[in-house]
Amino acid sequence: MAKRNIKHLRERGIKQPVLVIFDCGYPSIKFSDFLEAEGLHYLIRLSSNDYKAERKQMQSEDKEVILKHSFVRLQKYAKNIWDSM
């Protein structure tokens with residue numbers, strides 16, 4: 001549904017910069033890749049179990065984090081892509 005809404009936003013011809021805000025449930029590599037490909041700025045609230053290693057490195061609870069996709073994460077992403085084809 002989120003992808004459909006974003007594509008609908010694009011179809012309406014809105015030219016202003018967009019910040020898309022998501023509640024829990026979206027922090028997948030595949031979805032992040034989609035948002036990046038669309039050129040969107042986004043904010044995703046994570047559950048306490050998501051990206052634990054990166055969260056440990058945060059110096060405050062409200063901090064920008066750059067997610068580096070490890071081999072293990074990318075392998076899971078690649079498997080999901082092939083499974084969906």
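The values are calculated or read from the model by the stated rules, or taken from the named source; none is laboratory data. It should be emphasised that the depicted structure is a prediction, and the values quoted were computed from it without experimental measurement. Glycine gets a Cβ as well: all are built from the backbone with ideal geometry, and neighbour counts include every protein chain shown.
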Find the residue count for segment 1-24, including only residues that are among the basic types (Lys, Arg) and either in a helix (DSSP H, G or I) or touching a residue at least 60 places away in the same chain (Cβ under 8 Å) (or both).
4
Kindly provide the set of residues from segment 30-54 that are touching a Lys or Arg at 6+ places or on another chain (Cβ under 9 Å) and either more than 30 Å from LYS15 (Cα to Cα) or assigned to a loop (DSSP other than H, G, I, E, B) (or both), ordered by number.
GLU38, LEU46, SER48, GLU54
Among the residues of segment 52-85, write down those that are charged (D, E, K, R) and either modelled with pLDDT of 75 or more or closer than 15 Å to ASP33 by Cβ (or both).
LYS52, GLU54, ARG55, LYS56, GLU61, ASP62, LYS63, GLU64, LYS68, ARG73, LYS76, LYS79
